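Since the structure comes first, as structure tokens, the remarks are kept for the end.
The values are calculated or read from the model by the stated rules, or taken from the named source; none is laboratory data. Keep in mind that this is a model prediction, so the values were computed, not measured. Counting neighbours? That spans all protein chains shown, and the Cβs are built from the backbone with ideal geometry, glycine included.
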Amino acid sequence: MDPIFQSFLNGFPTLILHFSVTLAMLGAGVWIYQFITPIHEMRLIRSGNIAAATSLSGAIVGLAIPLAFCMATSVGVLDIVIWGVLALFIQLMTFRLVDILLKGLPKRIEDGEMGAAIIVVAVKLAVAMINAAAIAG
């Protein structure tokens, strides 16, 4: 059998497992994010609020970045889960802290102000990149 094909057959189940675990953790992180934020972004998005869509999109990408680094640097599923839980915790607590410190921004996003959404996204992505680099060590 061709070594490349054999390598694919050996690695494909691991890829699917790691991808599935990481994707499930991302889904859980997004669900928790929606639970702990002061605004109901999905409701606002359904009513056409672009600022809320921008903010939620930044949160999703902000959660995905450190999870991707967890998966990329892992030695197995347990490694992904342990570091992924820590990464999600750091991201979610940071997002919540930003909401508290920048008191007016969640309300401004609720009111549809794109400037506020862009600042929130920038903070979420900046923290995600720093978090990811720390994980990658």
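Scan A68, A128 and give me the residue that is touching a Gly at 6+ places or on another chain (Cβ under 8 Å) and at pLDDT 95 or above. Spell out how you get there, then give the answer.
Working: A68 fails: touching a Gly at 6+ places or on another chain (Cβ under 8 Å).
Testing whether each residue is touching a Gly at 6+ places or on another chain (Cβ under 8 Å) and at pLDDT 95 or above leaves just A128.
Could you please find all residues in the stretch 84-106 being farther than 27 Å from T14 by Cα and without any contact (Cβ under 8 Å) to a residue 24 or more places away in the chain?
Scanning the stretch 84-106 gives M93, L97, I100, L101, L102, K103, G104, L105.
Just to verify a result, which residue in the stretch 58-117, among those that are more than 19 Å from the chain's Cα centre (by Cα) and charged (D, E, K, R), is surrounded by the fewest Cβ atoms within 10 Å (Cβ to Cβ)?
Among them, the one singled out is K103.
Can you tell me which residue in the stretch 90-105 is nearest to I32 (Cα to Cα), limited to those that are part of a helix (DSSP H, G or I) and charged (D, E, K, R)?
R96
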